[in-house]
Amino acid sequence: MKLVECVPNFSEGRDKSILDQITAVIKSVKGVTLLDVDPGADTNRTVYTMVGSPEVVVEAAFQAIKKAGEIIDMSKHHGAHSRMGATDVCPFIPVSDMTMEECVELANQLGKRVGEELDIPVYLYEYAAKSEERKNLANIRKGEYEALPEKMKDPNFKPDYGRQYFNEKSGATVIGAREFLIAYNINLNTRDKKKAHKIALEIREMGKFKRDSKGKIVKDQNGNKVRVPGLFKHCKAVGWYIDSYNCAQISMNLTNYNITPAHIVLDKVRELAGEAGIQVTGSELVGLLPKAALIQAGKYYLKKLGESAGLPEEMIIKTAVQSMGLNDLYKFENDKKIIEYAIENPDKLANLSLKEFCDELSTDSPAPGGGSVAALSAAISGALTSMVSNLTIGKKGYENFDKEAKILAEEGQKIKEDSLYEIDNDTQAFYTMMDALRLPKKSKEEKEIREKAVQEATKNAILVPFNTLKIAKKSVELANKISKIGNKNALSDAGVAAITANAAAKSAFLNIKINMGSIKDEDFKNSILKQASQILEEINQIALKVENDILENL
C-alpha cells in the first residue's frame, strides 16, 4: 500500500478560525488522514501532518495551500520562526511502498500546480531541489519574507515554478521531498545529564570538539576548533534530564532511518553506556513512525537470536518493542504510534473473522466478490509457504536448507500481507466504479466527465485483480521452491500453497476479463489481456507440476 506523509507549515499559529478553515479543506479530501495539527503562538506558525495515498495527499496539500493563500496575509505577519510565505514549506515524505524519487515527482506535480493555478512562486528543496544550493531550506529562505521584494529582482532567484514576482499577500512557498524524521530517546539509569550528553557527543553526526591530554579544546593552524566526527550519520543528539521520568535521556532526531536505524544506535549506546557503568533501561519513540522502521528492528533482533523473521508483522513488531524497551516509560500502543495502524480502517474486510467474511460474501451485496476471494487465496498460499518454511528451519536433516528456508519464510509473509491489502482494494475499486456510474449525465459536459470517470474506474477495477495475478505468480514460484527443500512432513501443505496460488490466478483472470468489455482503450485492453494470459499459463504449469510431483512423493 503506497502511503506518503505531507507536513505543510503555515504562517499562522494564533487565529483558530484560520486554522480551522485549513483543517476543513484537508479533511474534505476523501482518503486523507490528518494525523496532527501543532500550532505555536510564539512562532505564529502551525505544522499539519497528513498521510494517505499519493494522489489524495497532493490534492489535500494543494487545497490547503490555496486556502492559506486566501486567508493569510503575509504583509501583516510576525513570528519568531523563519518564514517566507503563507504556506512556508511543504515536504513529502515516503512512509510505505514509496521511493524518494516518487516523492520528488509529487513535489514537482504540486509545485507546478501551485505556481500556475495560484500564482505563488515555488522553490524546490532537499531531494527535489534542482540545484545543490537549493537543497538547504535556509539558503532559499535567507532574509525571509521581508527580503522577497529585492530577491525577486535577482535572476539567480528565479522560482522553479510560477512567475518571478513579489506576491505581497502569499509570499513564496518551498516544496520538497525528504526522509522521515524519527524522534527517539534512550533512557538511562542515571539522573546525570552530563553522562547522557557525553554519550550523545559520541554518537551524533557532528561529533564533539577534540581535546588534548589536559582537556583543552584543540585548534588547527587557523585557530579553528577541531571536531571529531560522531559514529552515526543522520543523527542529531543531546543529553538531558527529564524530571517527570526521573532519569536522563539521550534525545535524538534520526533523519534517515534507512541509513541510521534506531535499533542500531540503541545497541551502540548500550555498549558505550556499559563501558561507563551506566545501564540502558529502555527507550522512547516520540510521535508516530512508519511500520517499516519497527519491522526492520524486529527482524534485526530475531536474526541476532538465530530465529526466523518470517513471522506475522504483529509478532515482529512485538519483538522490536520488547528488545528496544519501548514499554519502559509507558505502554507502547501500535495504533497510536505506527502510522499505518493509526489510519487503518477498522471495518476493512481483512480484519473480519473467517465466519464474518464468508457471511458477508454470501449476501446479495456484489462486493466483496470474486476479486477479494482471489486475493484471499493468494494470501493463504503465501501463508502456507511461510508455514512450511518455518517448519523446516532448525529441523534435523534440513540444516543445509536453513538459510534458504528463512528467506522463503519472509517472502511468504510479504505475499500474505500484499494479498490481504488487495482484498479491500478490490472491493474499493468496485465501489469507485459504482460512484462513477452514478455521476449525472444530463448535459454533454456531464456525459463527458462521467464517461472519463467510468473508464478510469473500470481500468482500476482491472488493474487490481491484475496485481493479484502478479502476486499469485510470486506465490506459486515460492510454493515450488519450498516443495523441493521443505520438511517432508509438510509436503502436502506446499502442494496446497501451489493449488491456492493457481486458484487465485484463475479467479483474478476472470475478474480481469469481465471488466474488459466496457474498456474503449484498445491498447490498454490488448496489453493487459496479453500479459495476463501469459502469466496465467505460467502459473498453471508451475502449479500442476508441483501438485503432480508431490502426489508422486506422498
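A short reminder: the numbers here are calculations on the coordinates, not readings from a lab. Every value quoted in this text rests on a predicted model; they were computed, and no experiment measured them. A quick note on method: Cβ atoms are made from the backbone with ideal geometry, for glycine too, and the neighbour counts reach across all protein chains shown.
The table that follows gives values for the structure above.
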item: Amide N of region 55-88 lying under 12 Å from the label point, which is placed 7 angstrom from the Cα of D42 along Cα→Cβ; result: 80-81
item: Helix runs (DSSP H) in the chain reaching 30 Å along axis by Cα, Kyte-Doolittle at least 0.0; result: 370-392, 491-516
item: FRET efficiency estimate (nearest 0.05) - Cβ-Cβ, Q221 to D192, R0 45 angstrom; result: 0.80
item: Debye-sum result for region 182-342 in log10 I(q)/I(0), which assumes one identical scatterer on each alpha carbon, at q = 0.08, 0.13, 0.18, 0.20 Å⁻¹; result: -0.26, -0.64, -1.10, -1.30
item: Simple Cβ-charge dipole of region 355-455, Lys/Arg +1 and Asp/Glu -1, about Cα centre, in debye nearest 20; result: 180 debye
item: Estimated dipole of region 1-75 in Debye, rounded to 20 [Cβ of Lys and Arg +1, of Asp and Glu -1, Cα centre]; result: 200 debye
item: Rg(Cα) / (2.2 N^0.38 Å) computed for the chain, rounded to two decimals; result: 1.13
item: Charge dipole (region 182-342, unit charges on Cβ, about Cα centre) - positive-most of G239, G325, Q249; result: G239
item: Among L201, I259, S308 - extreme Cα towards positive end, dipole of region 182-342, charges at beta-carbon; result: L201
item: Highest average packing first - 392-398, 542-548, Cβ atoms within 10 Å; result: 542-548, 392-398
item: Rounded FRET efficiency, nearest 0.05, which uses the C-beta distance separating D347 from H81 and R0 of 41 Å; result: 0.55
item: Cα centroid separation - region 113-190 against region 487-536, whole Å; result: 47 Å
item: Inter-part distance where region 377-450 and region 40-56 are each reduced to a Cα centre, Å; result: 32 Å
item: Relative packing of 464-472, 407-415, which averages over residues the other C-beta atoms within 10 Å, highest first; result: 464-472, 407-415
item: Mean ellipticity per residue at 222 nm, deg cm²/dmol - from DSSP H runs of n ≥ 4 across the chain, formula -39500 (n - 2.57); result: -17000 deg cm²/dmol
item: Test item: Cα-centred dipole of the chain, Lys/Arg +1 and Asp/Glu -1 on Cβ, debye; result: 1820 debye
item: Dipole axis of the chain (+1 Lys, Arg; -1 Asp, Glu on Cβ), positive-most option in N108, P229, I72; result: P229
